Amino acid sequence: MNVMRRAHNKPFKNSIDCLVISYKNEKEDILEKLIITTALTGNVPTKKMNPSLPVTPDEIARDVRRCADAGSALFHVHARDAEEKPSLDAEIFKDIVRHIKKTAPEVIIQLSTGARAGKDWEDRAFPVRLLPEMGSFTTGSNNLPGIIYENSPQFIEFLAKVFGETGVKPEIEVFETGMINNAVFLQKKGILQGPLHFDFVLGAPGSMPGSVKNLLFLTESIPADATWTVAGIGRHEIPLATAAILLGGHVRVGLEDNLTLPDGSPASNVTLVETIVRIAGELGREIATPEEAREILGLPAENKDRILKMV
Ligand code: ZN
């Protein structure tokens, strides 16, 4: 307090005062606000593995509301059928969207185009054709536990064109480095519009390990105007999120990627979001509202509710 008062009313008495003042003026050193994405359900977890997993449209929407109140702006959404199995059923997706828009109209919805629910190209593109603000887009193939996550060059170009035609912003899911190059290639061909937004998925068995060194390498490998978030799998989730908070990136947490808190107790989507908000608070990083997240990601305001006409 004394230093502040002197700074405003009197000339600097010593160099310490000067330093304090100059730090307070370094606005460019302040990191942009943190976008917290919640990956609510995914394809793999079951209620048996974690009872708080949201599966039905109603459960998903209620979890979105709670996580939005805790500080999450963006929601990565998968659909499940009545038996909890991954589904690309159009009616289930529509029902989930209607529930979310009713309960939390302000949040950003990102629908999944993942392959576990089906391999048909048009089925996988359907969530993008519903015109959400964002869709996930994996620009390469890799091994995941028990399966090959298959995205052929032909399918990738097909799906990129759907993103291009619809104006839905893709979140490029990167499981290994080549997937960055594939996305940049599609941008150079004019199929994907920049700035690109990447999600580094690290620590899944079969793909890049979840080290801070790998995260740093990936952040240095994307175009200068790109934005990025990190999804650490399992026990890597909170440590990599913490690294992203410090590095100026964004964070994805949620039961799709991780079922436990760092102490090993069962997590819920809300407690994972709360953990990130607490860490970001300790580190002085402010949390982005959905509106601020739209600005950071370059999402056009006119696209916010296009999906309502489709569902
Ligand atoms: Zn997903």
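The values are calculated or read from the model by the stated rules, or taken from the named source; none is laboratory data. Just so you know, these numbers come straight off a predicted model, no measurement behind them. When we count neighbours, we look across all protein chains shown, and the Cβ atoms used for this are built from the backbone with ideal geometry, even at glycine.
Of the strands (runs of 3 or more DSSP E) that lie entirely inside the range 139-216, those containing 1 or more residues that are at pLDDT 95 or above span 169-174, 197-202.
Do we have any residue at all in the range 49-61 that's within 16 Å of the ligand (Cβ to nearest atom), at pLDDT below 95 and over 19 Å from THR229 (Cα atoms)? Scanning the range 49-61 turns up no residue that is within 16 Å of the ligand (Cβ to nearest atom), at pLDDT below 95 and over 19 Å from THR229 (Cα atoms).
Here ILE276 meets each of (1) under 13 Å from ILE35 (Cα atoms); (2) surrounded by fewer than 21 Cβ atoms within 10 Å (Cβ to Cβ) with one exception, condition (2). The C-beta contact set for the range 138-160 (first residue touching a residue at least 24 places away in the same chain (Cβ under 8 Å), second residue of a type in the set (A, V, I, L, M) and part of a strand (DSSP E or B), distance under 6 angstrom, 6+ apart or interchain) comprises THR139/ILE172. Considering the range 251-291 alone, what residues qualify as being within 15 Å of the chain's Cα centre (by Cα) and within 16 Å of the ligand (Cβ to nearest atom)? Once the filter is applied, which keeps residues that are within 15 Å of the chain's Cα centre (by Cα) and within 16 Å of the ligand (Cβ to nearest atom), the range 251-291 yields VAL251, ARG252, VAL253, GLY254, LEU255, GLU256, ASP257, ASN258, ASN269, LEU272. What residue, among those in the range 124-152 that are within 13 Å of the ligand (Cβ to nearest atom) and either among the hydroxyl-bearing types (Ser, Thr, Tyr) or out of contact with any helix residue (DSSP H, G or I) (no Cβ under 9 Å at 6 or more places or on another chain) (or both), is farthest from ALA204 (Cα to Cα)? Checked the range 124-152; the qualifying residue farthest from ALA204 (Cα to Cα) is SER136. Here the range 107-123 is the region considered, the condition is being away from the ligand (no atom under 15 Å from the Cβ) and surrounded by fewer than 22 Cβ atoms within 10 Å (Cβ to Cβ), and the residue that is modelled with the lowest pLDDT is LYS119.
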